[in-house]
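Participant: Here it is, the structure in full.
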Amino acid sequence: MGEVKLPRDVKLMAAIAFRDENLLTQVKNELCEHWGPVDTASLIFDFSQTNYYESEMGVALKKQFIVFQKLVQPDYIIDAKLISNEIEQKYAIDGKRQVNIDPGYISAAKLVLATTKNYMHRVYMGKGIYGDVHLKVSNRRFVPNEWTYPDYQTPEALEFFNKVRQDYLKFNNL
């Protein structure tokens, strides 16, 4: 029988899709009220890898990945997703989101996103939230899975998340 032990704390992150940079600033400030200061952020990039959000949010979307200083237990992404959903609804206009926030975490072995959608590769975590292993480590670097969203597969995204992972490993003496 295996010994039950809590997992290591992980690095909390969020991916934010938006059109209006002023709204991005407001949303980041709200997230910081809940999750503490931002540790690092990617450059803002054109979110052109999919048109999934265009009917709701419009065209010419941008995206940014942000990582928080705060370390959390992995199951905190359940509450993080519920908080992010509330923020999305706060800024919705006529029921249409103006911002999409996908929280997740980075550990030594993976990047996990929280989602409300159940699919074969997602594991139920609680409170209606599923965990999706979006990036996995192979040869000491993050690599995508067959279901990984295209914006997480770009060289720039992989470079960003691998740098965050390296900093996380150094900070935790792993």
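The values are calculated or read from the model by the stated rules, or taken from the named source; none is laboratory data. Quick caveat: nothing in here was measured; it's all calculated off a predicted structure. Note: ideal-geometry Cβ built from the backbone for every residue, glycine included; neighbour counts use all protein chains shown.
Participant: Which one of these does residue 173 not meet: (1) part of a loop (DSSP other than H, G, I, E, B); (2) over 20 Å from residue 42 (Cα atoms); (3) in contact with a strand residue (DSSP E or B) (Cβ under 6 Å, 6 or more places away or on another chain)?
Facilitator: For residue 173, the failing item is (3).
Participant: Do the conditions hold for residue 158, that is, is it surrounded by 15 or more Cβ atoms within 10 Å (Cβ to Cβ) and in contact with a helix residue (DSSP H, G or I) (Cβ under 7 Å, 6 or more places away or on another chain)?
Facilitator: No, not satisfied.
Participant: Can I ask one more? With a cut-off of at least 1 residues that are of a type outside the set (A, V, I, L, M) and crowded, with 16+ Cβ neighbours inside 10 Å, name the helices (runs of 4 or more DSSP H) lying wholly within the range 1-108.
Facilitator: By residue number, 21-35, 76-90.
Participant: Further question: Going through 2, 36, 58 one at a time, which residue ends up being modelled with pLDDT under 95 and at positive phi?
Facilitator: 58
Participant: Which one is nearest to residue 63 (Cα to Cα) among residues in the range 118-174 that are of a type in the set (Ser, Thr, Tyr) and without any contact (Cβ under 8 Å) to a residue 40 or more places away in the chain?
Facilitator: 148
Participant: Regarding the range 119-132, can at least one residue be identified that is in a loop (DSSP other than H, G, I, E, B), under 23 Å from residue 24 (Cβ atoms) and touching a strand residue (DSSP E or B) at 6+ places or on another chain (Cβ under 8 Å)?
Facilitator: Checked against the condition, which is being in a loop (DSSP other than H, G, I, E, B), under 23 Å from residue 24 (Cβ atoms) and touching a strand residue (DSSP E or B) at 6+ places or on another chain (Cβ under 8 Å), the range 119-132 yields no hits at all.
Participant: Can residue 132 be described as touching a helix residue (DSSP H, G or I) at 6+ places or on another chain (Cβ under 8 Å) and acidic (Asp, Glu)?
Facilitator: For residue 132, the condition - touching a helix residue (DSSP H, G or I) at 6+ places or on another chain (Cβ under 8 Å) and acidic (Asp, Glu) - is not met.
Participant: What about residue 136, is it of a type in the set (Lys, Arg), in a strand (DSSP E or B) and more than 13 Å from the chain's Cα centre (by Cα)?
Facilitator: yes
Participant: In the range 153-174, what residues are modelled with pLDDT of 95 or more, under 13 Å from residue 109 (Cα atoms) and either among the acidic types (Asp, Glu) or over 15 Å from the mean Cα position of the chain (by Cα) (or both)?
Facilitator: Listed by number, the residues that qualify are 166, 168, 169.
Participant: Somewhere in the range 98-113, is a residue at negative phi, without any contact (Cβ under 8 Å) to a residue 60 or more places away in the chain and more than 15 Å from the chain's Cα centre (by Cα)?
Facilitator: Yes.
Participant: Collect the residues in the range 139-155 that are in a helix (DSSP H, G or I) and either among the aromatic types (Phe, Trp, Tyr) or surrounded by fewer than 17 Cβ atoms within 10 Å (Cβ to Cβ) (or both), keeping them in residue-number order.
Facilitator: If the condition is that a residue be in a helix (DSSP H, G or I) and either among the aromatic types (Phe, Trp, Tyr) or surrounded by fewer than 17 Cβ atoms within 10 Å (Cβ to Cβ) (or both), then 150, 152, 155 are the ones that fit.
Participant: Has the range 50-61 got any residue that is of a type outside the set (Gly, Ala, Ser), under 20 Å from residue 149 (Cβ atoms) and touching a helix residue (DSSP H, G or I) at 6+ places or on another chain (Cβ under 8 Å)?
Facilitator: Yes: the range 50-61 contains one or more residues that are of a type outside the set (Gly, Ala, Ser), under 20 Å from residue 149 (Cβ atoms) and touching a helix residue (DSSP H, G or I) at 6+ places or on another chain (Cβ under 8 Å).
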